[in-house]
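Engineer: I have a structure here, written as structure tokens, and I will follow up with some questions on it.
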Amino acid sequence: MAPLRFSANLSWLFPELSGFPARFRAAGSSGFEAAEIGWPYAEPPEALARAAREAGLQVVLINMPPGDREKGENGLGAVPGRQAAFREGLEQAVLYAKALGCSRIHLMAGRVPKGADRAAVRGEMETVFLENLRHAAEVLAQENLVGLLEPVNTRITDPRYFLDTPQQAAAILQKVGRPNLQLQMDLFHWQIMDGNLTGNVREFLPIVGHVQVAQVPDRGEPDSPGELNFSYLFQLLEDEGYTGFVGCEYQPRGDTVEGLSWLRSYWEMRGRLQAGQ
């Protein structure tokens, strides 16, 4: 079994450093081989690509632009009336992905409109989402890119987010039926919404293109106090043959590098196992 490969989410890790170039350097110095960024759009793609190269890091994931944050938008994929903005955002994301050598883009679903009843608008929003995803799949296929759908929990993080369970996301992916659209498994969100992680990992891993981790409920390091046993979950991912990246999308409780002791322990343990084989 191959050891897991971890990616530093630079939108979350190293908050003590300002700017992505400094965070790229810190991630590379900490032993990471890959990085991901939520929204890289405030900095020129060429500058980010240069920083990643200098740090020896592969960029493995970015999000699409979120829309108008001042108006409360958090993605546009399923938002009625915002199809044109979704397509513009997709073009920008593809431009950045190509510059960064990044093969995966998170296609954010967005929020149920303020004041709307979730059940009442679900059908319309799914129809919009399917339309946008089919368009995105065509655009991404031309560039050999993969689009990802991530369920976000509506109990703690984003009460109005449209896509909130792995079952809902898998059903939408099945309806779209495009091989270059996959599932993004954030174990933090999945635990809060549905639990049953062993069963859900085994069921949905065949359509998963990226994994992210954080402890529940405080979203700290995997070895911080909480509900999840990451030694077990990492072993489960290995046993099930997961070969993609595991994104470290958590809020460090203190100094980021000190808080990476859990990852250094994993690397040491896997190194001993491989040496003994």
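The values are calculated or read from the model by the stated rules, or taken from the named source; none is laboratory data. Quantities reported herein were computed from a predicted structural model and do not represent experimental measurements. Here Cβ is always computed from backbone atoms with ideal geometry, including for glycine, and neighbour counts include all displayed protein chains. What goes into the accessible areas is simple: the full protein's heavy atoms, side chains included, and nothing from ligands, DNA or RNA. Shrake-Rupley method; radii C 1.70, N 1.55, O 1.52, S 1.80 Å.
Engineer: Over all directions, average the projected area of the Cα convex hull of the chain and note it in nm². Don't jump to the answer; show the numbers that get you there.
Structural biologist: On the way: hull surface 56.9 nm².
Reported value for the Cα convex hull: 14.2 nm².
Engineer: Could you size up the charge dipole of the chain around its Cα centre, putting +1 on the beta carbon of Lys and Arg and -1 on that of Asp and Glu, and report it in debye to the nearest 20? Let's see the in-between values first.
Structural biologist: On the way: 26 positive and 34 negative charges, 62 e Å.
Around 300 debye, computed over the chain.
Engineer: Let's test the formula: R0 of 25 Å, r as the Cβ-Cβ distance of D255 and E54. What FRET efficiency results, to the nearest 0.05?
Structural biologist: 0.65
Engineer: Using the basic label-point model (7 angstrom from Cα toward the beta carbon), what is the L273 to Y232 distance in nanometres?
Structural biologist: The modelled label-to-label distance comes out at 1.7 nm.
Engineer: So if each residue of separation counts as 0.36 nm, and I subtract the Cα-Cα distance between A22 and Q167, what length gain in nm does that give? It would help to have the intermediate numbers written out before the result.
Structural biologist: On the way: separation 145, 0.36 × 145 = 52.20 nm, distance 3.81 nm.
Residue separation times 0.36 nm, minus the Cα-Cα distance, leaves 48.4 nm.
Engineer: In addition: Return the calculated 222 nm mean residue ellipticity for the chain, to the nearest 500 deg cm²/dmol, obtained by summing -39500 (n - 2.57) across DSSP H runs with n ≥ 4 and dividing by the residue count.
Structural biologist: Values: 9 runs with 116 residues, N = 277.
For the chain, the value works out to -13000 deg cm²/dmol.
Engineer: Can you check how the C-alpha radius of gyration of region 2-96 compares to 2.2 N^0.38 Å, as a plain ratio? Let's see the in-between values first.
Structural biologist: Details: Rg = 14.8 Å, N = 95, 2.2 N^0.38 = 12.4 Å.
With N residues counted in region 2-96, Rg over 2.2 N^0.38 Å equals 1.19.
Engineer: Give me the three principal axis extents of region 160-277 from the C-alpha atoms, as integers in angstrom, largest value leading.
Structural biologist: Extents along the principal axes, in whole Å: 43, 38, 23.
Engineer: Taking only the alpha-carbon positions of region 66-197 and ignoring solvent, what does the Debye formula give for the base-10 log of I(q)/I(0) at q = 0.14, 0.15, 0.20 Å⁻¹?
Structural biologist: So the normalised log intensities are -0.59, -0.68, -1.22.
Engineer: Right, another one. Once neighbouring chains are kept in place and the probe is 1.4 Å, which whole percent of the accessible area of region 135-261 is contributed by carbon and sulfur? Can you show the working numbers first?
Structural biologist: Details: 2260 of 4950 Å².
The value for region 135-261 is 46 percent carbon and sulfur by accessible area.
Engineer: Name the residue, out of E33, E70, E240, whose mean-square fluctuation peaks in a Gaussian network model built on the chain with Cα pairs under 10 Å.
Structural biologist: The residue that fluctuates most here is E70.
Engineer: Further question: How much accessible area per residue does the chain have, counting only protein heavy atoms and a probe of 1.4 Å, in square angstrom?
Structural biologist: On the way: 12070 Å² over 277 residues.
Here the per-residue accessible area is 44 Å².
Engineer: I'd like the FRET efficiency for R122 and R87, computed as 1/(1 + (r/R0)^6) with the beta carbon distance as r and R0 of 22 Å, rounded to 0.05. Write out the running numbers ahead of the final one.
Structural biologist: Working: r = 23 Å, r/R0 = 1.03.
Given R0 = 22 Å and the Cβ-Cβ separation, E is 0.45.
Engineer: Between R202, R111, R87, find the one with the highest GNM mean-square fluctuation for the chain; connect C-alpha pairs within less than 10 Å.
Structural biologist: Of R202, R111, R87, the most mobile in the Gaussian network model is R202.
Engineer: Using DSSP to call loops (not H, G, I, E or B), can you name the trypsin sites (Lys or Arg not before Pro) in region 123-175 whose Cβ has at most 12 other Cβ atoms within 10 angstrom? It would help to have the intermediate numbers written out before the result.
Structural biologist: On the way: sites: R134, R155, R160, K175; in loops: R155, R160.
In loop regions of region 123-175 (DSSP not H, G, I, E or B), the sparsely surrounded trypsin sites (Lys or Arg not before Pro) are R155.
Engineer: Evaluate E = 1/(1 + (r/R0)^6) for M1 and Q142, where r is the Cβ-Cβ distance and R0 equals 41 Å; express this FRET efficiency to the nearest 0.05.
Structural biologist: Numbers: r = 35 Å, r/R0 = 0.86.
FRET efficiency, M1 to Q142: 0.70.
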